[in-house]
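Below: the structure, in structure tokens.
The values are calculated or read from the model by the stated rules, or taken from the named source; none is laboratory data. Keep in mind that this is a model prediction, so the values were computed, not measured. We place every Cβ from the backbone using ideal geometry, glycine too, and count neighbours over all the protein chains shown.
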Amino acid sequence: MIEVRVPATTANMGPGFDVIGMALNLHNTFTFSMDGGEVDRDSMIYRSAEVVFRRAKRPMDGFVYAVEAEVPMARGLGSSATCIVGGMAGANALLGSPFSRDEILEMASDFEGHPDNVAPALLGGCVVSAPGPDGVFYRKLKRASDFTPIVAIPDFDLSTEKARAALPEALAYGDCVYNIGNMAFLVYGLETGDFEALLRGAGDRIHQPYRGPLIQGYDAMAAIEETKKGKMLISGAGPTLLFLTAATEDAEAIQSAWERIAAPLDAHWEIRTLAVDDAGAVVRKI
């Protein structure tokens with residue numbers, strides 16, 4: 001039997017739309033075997049594993065799986081990416097690991113349509129990635145773990161389809177230039193640990209202004225930025241919000257402040273202080 005532990009991810013970080021994702025220490029754990037039994041063949045886990053079996057030209061007879069889930073669904077924390085990476089990594093292990101990690105990443109990116117969630121889910125850390133003719137090109141940013149991610153998870157969901165539909169078909173030239181400049185500072189901050197650069201680079205005009213109105217309480221929750229301790233971002237397509245701070249020693253106080261902000265709102269928000277998961281998907285025999 002194979003066990004695969006896959007971290008949640010926060011993607012679309014600020015100006016890094018479809019490009020930057022970070023793994024978080026919140027996990028879904030999958031077990032796989034060829035012992036047979038009932039299995040949902042329409043699930044994302046099964047269909048992801050099927051891609052690997054087909055590419056290996058091997059039958060799936062007897063393939064079964066189970067899941068222990070910590071990552072909430074449809075909250076912008078990469079639950080789909082955990083299923084894709086878990087299914088593919090588990091299938092690969094059952095087959096004797098015929099495919100490299102980069103090949104699994106390519107298959108996962110093709111399956112989901114973009115690599116920004118599946119890359120950090122598989123590789124861990126904070127990853128900048130983009131698809132290309134020779135597969136997914138990526139680099140891990142070295143100092144992302146210097147920062148502490150605090151997430152606010154609401155009790156309502158937001159479908160990726162609805163969040164995508166909110167985006168405009170065309171963008172103003174000035175907004176594109178703004179995001180390009182910010183992206184440079186954001187990557188520099190995550191690579192070097194420069195918090196001032198990260199703050200300067202976290203602003204976005206391409207997706208967050210359009211998705212924020214879909215998130216009940218978004219403007220009120222942004223009051224956490226008045227602490228001057230970090231920057232609030234939409235996690236993935238939302239509705240979870242991410243506050244990234246370098247003030248690790250103040251994380252408990254920041255969490256408490258955000259809880260006080262959230263308390264009078266109509267929706268319930270769970271505020272959690274997490275950490276960057278540097279390991280990514282961990283596969284082991286059990």
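Considering only helices (runs of 4 or more DSSP H) fully contained in the range 41-134, which possess at least 1 residues that are crowded, with 24+ Cβ neighbours inside 10 Å and aromatic (Phe, Trp, Tyr)?
none
Testing Ser145 on (1) at pLDDT 95 or above; (2) under 18 Å from the mean Cα position of the chain (by Cα), one condition comes back false. Which one is that?
(1)
Residues Ala163, Ala144: which one is crowded, with 21+ Cβ neighbours inside 10 Å, within 17 Å of Tyr210 (Cα to Cα) and touching a Gly at 6+ places or on another chain (Cβ under 8 Å)?
The match here is Ala163.
Suppose we keep only residues that are free of Cβ contacts under 8 Å to residues at least 24 places away in the same chain and acidic (Asp, Glu) within the range 239-267. Which one would you say is farthest from Met221 (Cα to Cα)?
Going through the qualifying residues, I end up with Glu249.
Determine, yes or no, whether Ile206 is β-branched (Val, Ile, Thr), in contact (Cβ under 8 Å) with a residue 60 or more places away in the chain and either touching a Pro at 6+ places or on another chain (Cβ under 9 Å) or buried (at least 19 other Cβ atoms within 10 Å of the Cβ) (or both). Give the steps one after another, and end with the answer.
Values: β-branched (Val, Ile, Thr): yes; in contact (Cβ under 8 Å) with a residue 60 or more places away in the chain: yes; either touching a Pro at 6+ places or on another chain (Cβ under 9 Å) or buried (at least 19 other Cβ atoms within 10 Å of the Cβ) (or both): yes.
Taking the combined requirement at face value, the residue satisfies it.
With the condition kept exactly as written, say whether any residue in the range 233-242 is over 18 Å from Asp116 (Cα atoms) and either modelled with pLDDT under 95 or assigned by the TED database to the domain that holds Leu265 (or both).
No - not one qualifying residue is present in the range 233-242.
Testing Met34 on (1) at pLDDT below 95; (2) in contact with a Gly (Cβ under 6 Å, 6 or more places away or on another chain); (3) at negative phi, one condition comes back false. Which one is that?
Of the numbered conditions (1) at pLDDT below 95; (2) in contact with a Gly (Cβ under 6 Å, 6 or more places away or on another chain); (3) at negative phi, the odd one out for Met34 is (1).
Let me spell it out: the conditions are (1) at pLDDT below 95; (2) more than 23 Å from Gly280 (Cα to Cα); (3) part of a helix (DSSP H, G or I), and Leu158 meets all of them except one. Which number is the exception?
Here Leu158 clears every test but (3).
Considering only the range 195-203, I want to know if a residue exists there that is among the aliphatic types (A, V, I, L, M), surrounded by fewer than 17 Cβ atoms within 10 Å (Cβ to Cβ) and within 24 Å of Leu171 (Cβ to Cβ).
Step one: list which residues in the range 195-203 are among the aliphatic types (A, V, I, L, M), which gives 197-199, 202.
Subset that is surrounded by fewer than 17 Cβ atoms within 10 Å (Cβ to Cβ): none.
No, the range 195-203 contains no residue that is among the aliphatic types (A, V, I, L, M), surrounded by fewer than 17 Cβ atoms within 10 Å (Cβ to Cβ) and within 24 Å of Leu171 (Cβ to Cβ).
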